[in-house]
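Novice: Dropping a structure here in structure tokens format, bear with me for questions.
The values are calculated or read from the model by the stated rules, or taken from the named source; none is laboratory data. The model shown is predicted, which means the values in this text are computed figures rather than measured ones. Reconstructed Cβ throughout: ideal geometry from the backbone, glycine too, with neighbour counts over all protein chains shown.
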Amino acid sequence: MKIGILVTGHPPDELYDQFGEYDGMFRTLLDGNDFEFDTFFVVDGQFPSDALQADGWIITGSRHGAYEDHPWIPPLEDLIRAIWDSRRPLIGVCFGHQIIAQALGGKVEKFKGGWAVGPTEYALDGDAVTLNAWHQDQVVELPECAQVTGTNDFCENAMLAYGDSIWTVQAHPEYGGDFIAGLMRTRGKGVVPDALLKDAADNADKPDDNAVIGRYMANFLKKARG
């Protein structure tokens with residue numbers, strides 16, 4: 001099964017040598033599922049020819065806002081709608097979660113409640129899972145076709161399903177605590193409140209459920225559809 005990874009941002013330069021690009025994090029997260037991966041740096045204007053170029057798709061996180069004026073965002077929204085029409089599976093993570101909602105009729109904005117950073121607990125289908133968060137933007141209005149599958153008190157629309165072909169998550173199952181620590185050093189200071197950074201640092205060693213969500217994502221991509 002070929003999975004196309006639509007990369008919508010780059011990690012900080014200071015972290016590149018250690019962690020590489022975001023697509024590599026997803027390749028690691030989904031390793032062992034017999035997937036073949038193809039990467040498209042849509043943030044740099046590199047797009048697939050159409051929605052059928054892969055059997056399934058992933059949209060990564062980004063430092064950009066879904067509502068910002070970038071030349072690559074409108075064609076990405078067009079591609080999302082084409083993937084939705086094709087009923088090929090699509091997973092969105094953080095920015096990916098937000099841009100899919102926006103493309104299909106929802107609304108994304110800077111959340112008045114501020115940032116979520118570091119290990120964060122969510123209820124997914126009634127079970128508690130812990131994932132690393134790094135966001136201020138949130139989906140504040142759902143598309144008509146979306147249903148909430150995961151939530152917490154801070155982020156009501158934390159995980160969304162669109163029929164049986166799209167699933168999205170606001171948090172980052174591809175981020176380990178070491179990468180979050182790197183973001184706090186390179187992008188956090190002066191942007192994220194100090195108290196949140198300290199709390200995230202104090203909880204950096206908290207076990208996460210990245211592997212659980214990785215299996216969830218793999219099963220979602222592979223499941224039979226009519």
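Novice: Filter the range 110-145 for residues that are of a type in the set (G, A, S) and within 16 Å of the chain's Cα centre (by Cα); which is farthest from G177 (Cα to Cα)?
Specialist: Among those residues, the one meeting the criterion is A116.
Novice: Considering only the range 67-102, how many residues are under 12 Å from the mean Cα position of the chain (by Cα), over 10 Å from A51 (Cβ atoms) and outside any helix (DSSP H, G or I)?
Specialist: The total comes to 4.
Novice: Still on this structure, please answer the following. Surrounded by fewer than 24 Cβ atoms within 10 Å (Cβ to Cβ) and touching a strand residue (DSSP E or B) at 6+ places or on another chain (Cβ under 7 Å): does that describe T168?
Specialist: So T168 fails the test.
Novice: Suppose the filter is on the phi > 0 side of the Ramachandran plot, surrounded by fewer than 16 Cβ atoms within 10 Å (Cβ to Cβ) and either acidic (D, E) or modelled with pLDDT under 95 (or both); does G163 pass it? If you could, list the steps in order and put the result at the bottom.
Specialist: On the way: on the phi > 0 side of the Ramachandran plot: yes; surrounded by fewer than 16 Cβ atoms within 10 Å (Cβ to Cβ): yes; either acidic (D, E) or modelled with pLDDT under 95 (or both): no.
Against the criterion (on the phi > 0 side of the Ramachandran plot, surrounded by fewer than 16 Cβ atoms within 10 Å (Cβ to Cβ) and either acidic (D, E) or modelled with pLDDT under 95 (or both)), G163 does not qualify.
Novice: Let me ask something else about it. Is it true that some residue in the range 164-172 is in a helix (DSSP H, G or I) and either among the small types (G, A, S) or in contact with a Gly (Cβ under 6 Å, 6 or more places away or on another chain) (or both)? Show your work before the answer.
Specialist: Our first condition is that a residue be in a helix (DSSP H, G or I); within the range 164-172, this holds for none.
Among the residues of the range 164-172, not one is in a helix (DSSP H, G or I) and either among the small types (G, A, S) or in contact with a Gly (Cβ under 6 Å, 6 or more places away or on another chain) (or both), which makes the answer no.
Novice: Follow-up question, since we're still on this one. Residues that are touching a residue at least 40 places away in the same chain (Cβ under 8 Å) and surrounded by fewer than 20 Cβ atoms within 10 Å (Cβ to Cβ): does the range 93-101 have at least one?
Specialist: no
Novice: Which one is nearest to I166 (Cα to Cα), of the residues in the range 111-129 that are in a strand (DSSP E or B) and touching a Phe, Trp or Tyr at 6+ places or on another chain (Cβ under 9 Å)?
Specialist: My answer is L124.
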